[in-house]
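Enquirer: Sharing a structure here in structure tokens format.
What follows draws every value from the coordinates through simple rules; no lab data is involved. All values derive from a computational prediction rather than experimental measurement. All Cβ positions, even for glycine, are placed from backbone atoms using ideal geometry, and neighbour counts span all protein chains on display.
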Amino acid sequence: MISKTFKQEKVGCQLLEAGKAQPYAPGTKPQMGPVWDKSLCVRCALCYIYCPDAAISRQEDGYFDADIKLCKGCGICHRECWFGAVSMQEVE
Ligand code: SF4
Ligand code: SF4
């Protein structure tokens, strides 16, 4: 049972415990979503590996992007990127 939505939590860097992203419902429009800065990205794919909803995919140029329809705005990709290449920004 989902007890709260992403809109009731602060974005990113809040999911410090294992399984804490579980209550967030994927498939609804997130309040904030990830944006990549290619100049900082080293294409290590950690963001891709850690996304709990497989919203991230590798693009033709080798960099990554998220399908906002699958993203739930949990901010894990932002948190796990060692290079600061993923920022969370408001989704229009
Ligand atoms: S974790 Fe960061 S550096 Fe690695 S592919 Fe993702 S955005 Fe790029
Ligand atoms: S915020 Fe990042 S890790 Fe979370 S669902 Fe969206 S793309 Fe995946």
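Enquirer: What is the spin-label model distance, in nm, from residue 82 to residue 39 if the labels are put 7 Å beyond Cα along the C-beta direction?
Expert: Going by the 7 Å Cα→Cβ label model, 2.3 nm.
Enquirer: Next up: Show me, for region 83-92, the HN-Hα J-couplings you get by feeding each phi into the Karplus relation (A = 6.51, B = -1.76, C = 1.60, θ = phi - 60°), rounded to Hz, glycine and proline as x.
Expert: Once rounded to whole Hz, the list reads 10, x, 7, 10, 10, 9, 10, 4, 8, 7.
Enquirer: How high is the FRET efficiency between residue 61 and residue 91 when r is their beta carbon distance and R₀ equals 25 Å, given to the nearest 0.05?
Expert: Efficiency, from the Cβ-Cβ distance: 0.65.
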